[in-house]
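Heads up, the thing below is written out as structure tokens.
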Amino acid sequence: MNMNKSLERQAMETVERYGMLAPGERVIIALSGGADSMALLHFLLALRERLGLVLEAAHVNHLLRGEESDGDERFVRAVCDGHALPLHVLRADVGALAQERGLGIEECGRRVRYHYLTSLGGKTATAHTLSDSVETVLYNLTRGAGLRGACGIPPVRGAVIRPLIDCTRDQVEAYCAENGIEYRLDSSNRSRAYTRNRIRLDVVPQLRQINPAMEDAFRRFLTDAREDESCLSRLAEEALHGAERGGRYDAQLLSALTPPVRRRALYRILYTQGGVMPERRHLIRLEEMLRSGGRASLNGGLDVAVSGGFLTFPAAEKEPEPFCFPLRPGRYPIPGGEAEIILQSAGHKKFKNEVLDIAVDCDKINRKAVLRSRAPGDALQLAGRPRKSLKKLFNETHIPPDARAMCVIAADEAGVLWAEGFGPDVRARLGAETQRFYQIRIWRNI
């Protein structure tokens, strides 16, 4: 990568290389008001007409910096008003939430942001750069991460895309200066109380003295590391399919795998079954159990056991009781909340994206339709994407098992019409010919 290359050209190459955007897609821009996110906003605005993108923005006020945080929010609101861009705003007391959940401020803020952004549907574009990815690699390696942690920030993860991931922070600042783009400065970025700030302020400058093109060198390393990790993960996935026996796994087959493949297979099993991010010590313990048997309780309350030649999960929590109601107007009890179905007349109005995501066309329903819990074999074809099983969509978007068990499905005799968190199947999506439709609203007791 030529570091003198313009940001727009570099970002466009990244978008095309990873197939990030398709014509007509709805994209939520994570807009903090900082230089990176403002550069991303202007890049996507330049692409909007060319690709027919439907752009919206989202801002999370973490309430950590008092008036400065509120100033960021006001700035973002003004920017979006100036571009006639719909804006979603979440105000979350991250400091209180971090203390309540026993998390660091940075990690808690990250979780709050991604939970909110992904809840809005569509694709989410974040403004992470190559510089962010370099800092992440250094941070992960210092903590003892393996190849997965050395891959940096992925260009694409589920519905999250990062068009600026091959651009440096210097390119971002130059782009803002050349185009007269105003942005906000976050005073907390200068605080050495945060580990990542110390890496950026103290470590990276030293590495740049050793090699002024160090970010370019890291980019080449990241490309190789991601390709290697992708290959090993694919082998692990294939091995899991061969070892699974109705929710159990053949311990002998897993034990016979090469260590890099075996550990990735075990990682995927633990994450899928318990929603826990297993540490290396958990994987080593499980490898020992594959050979000698035994039982262990991992962080997050997941019990695992190896006996009779199988890896099993004896203390797995029981899923919520299944439910099924006729798909017709009304309010219905669901696990952890309530579902509301509202019959609407389309008239001649143009549908907003937030309506498209929670609606199904009444005239496209194939006979008997219900609102129910998920079932084996459920599959969905989202707009502009191939048909996939709901299980695969859950895996791609990293939905934890407890949330999967609570997922609400609308279905008819031909299959899934709509799935909570994903939206309607293409066959039930609202269109110009729609006369009547059901809105499906989910209310959770949080």
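The values are calculated or read from the model by the stated rules, or taken from the named source; none is laboratory data. These numbers come from a predicted model, not from an experiment. In this analysis, Cβ positions are derived from the backbone assuming ideal geometry, glycine residues included, and neighbour counts consider all displayed protein chains. Heavy atoms of the whole protein, side chains included, go into the accessibility calculation; ligands, DNA and RNA do not. Shrake-Rupley method; radii C 1.70, N 1.55, O 1.52, S 1.80 Å.
Quick notes on this structure:
- Leu343 touching a Lys or Arg at 6+ places or on another chain (Cβ under 7 Å), exposed (fewer than 15 other Cβ atoms within 10 Å of the Cβ), modelled with pLDDT of 85 or more and of a type outside the set (Phe, Trp, Tyr): yes
- In the range 58-86, the residues that are over 21 Å from Leu185 (Cβ atoms) and open to solvent by less than 50 Å² (accessible area, probe 1.4 Å): Leu85
- Taking the range 254-295 as the range and being under 24 Å from the mean Cα position of the chain (by Cα) and charged (D, E, K, R) as the test, the residues that pass are Arg263, Arg264, Arg268, Glu279, Arg280.
- Single condition Glu100 does not satisfy, out of (1) part of a helix (DSSP H, G or I); (2) of a type in the set (D, E, K, R); (3) under 30 Å from Gly19 (Cβ atoms): (3)
- Against the list (1) under 24 Å from Phe43 (Cα atoms); (2) assigned to a helix (DSSP H, G or I); (3) in contact (Cβ under 8 Å) with a residue 60 or more places away in the chain, the condition Arg77 fails is (3).
- Restricting attention to the range 222-239, the residues being more than 24 Å from the chain's Cα centre (by Cα) and surrounded by fewer than 16 Cβ atoms within 10 Å (Cβ to Cβ) number 0.
- Number of residues in the range 131-163 that are in contact with a His (Cβ under 7 Å, 6 or more places away or on another chain) and at pLDDT below 90: the value is 1.
- Yes/no for Gly66 being touching a Leu at 6+ places or on another chain (Cβ under 8 Å) and of a type in the set (Gly, Ala, Ser): no
- Output for the range 87-118, where each listed residue is among the polar types (S, T, N, Q) and closer than 23 Å to Ile165 by Cα: Thr118
- Of all the numbered requirements in (1) touching a residue at least 12 places away in the same chain (Cβ under 8 Å); (2) not in a strand (DSSP E or B), Ala84 misses one, and that requirement is (1).
- Scanning the range 363-403 for residues that are touching a residue at least 40 places away in the same chain (Cβ under 8 Å), hydroxyl-bearing (Ser, Thr, Tyr) and farther than 23 Å from Pro333 by Cα gives a single hit, Thr397.
- Among the candidates Gly242, Gly300, Gly309, Gly293, residue that is at pLDDT below 85 and of a type in the set (Gly, Ala, Ser): Gly300
- Extreme residue, nearest to Thr195 (Cα to Cα), among residues of the range 113-143 that are in contact with a strand residue (DSSP E or B) (Cβ under 7 Å, 6 or more places away or on another chain) and open to solvent by 50 Å² or more (accessible area, probe 1.4 Å): Arg113
- Selection status of Asp72, assigned to a helix (DSSP H, G or I), charged (D, E, K, R) and in contact (Cβ under 8 Å) with a residue 60 or more places away in the chain: yes
- Among the residues making up the range 434-446, those that are open to solvent by 90 Å² or more (accessible area, probe 1.4 Å) and at pLDDT 85 or above are Gln435, Arg436.
- Here is the figure for the range 103-112: residues that are within 23 Å of Arg444 (Cα to Cα) and either in contact (Cβ under 8 Å) with a residue 40 or more places away in the chain or open to solvent by 20 Å² or more (accessible area, probe 1.4 Å) (or both) total 4.
- Neighbours by Cβ (under 8 Å, 6+ apart or cross-chain): first from the range 168-186, farther than 19 Å from Phe75 by Cα; second basic (Lys, Arg): Gln171/Lys5
- The set of residues from the range 144-200 being in a loop (DSSP other than H, G, I, E, B), of a type in the set (S, T, N, Q) and surrounded by 15 or more Cβ atoms within 10 Å (Cβ to Cβ) comprises just one member, Thr168.
- Look at the range 265-292: where a residue is within 15 Å of Ala251 (Cβ to Cβ) and a partner is assigned to a loop (DSSP other than H, G, I, E, B) and at pLDDT 90 or above, sitting 6+ places away or on another chain with Cβ atoms under 8 Å, you get Ala265/Leu257.
- Residue check for Leu44: open to solvent by less than 10 Å² (accessible area, probe 1.4 Å), touching a Pro at 6+ places or on another chain (Cβ under 8 Å) and at pLDDT 95 or above: yes
- In the range 375-415, residue least open to solvent (accessible area, probe 1.4 Å) [restricted to those that are assigned to a loop (DSSP other than H, G, I, E, B) and closer than 24 Å to Arg111 by Cβ]: Cys407
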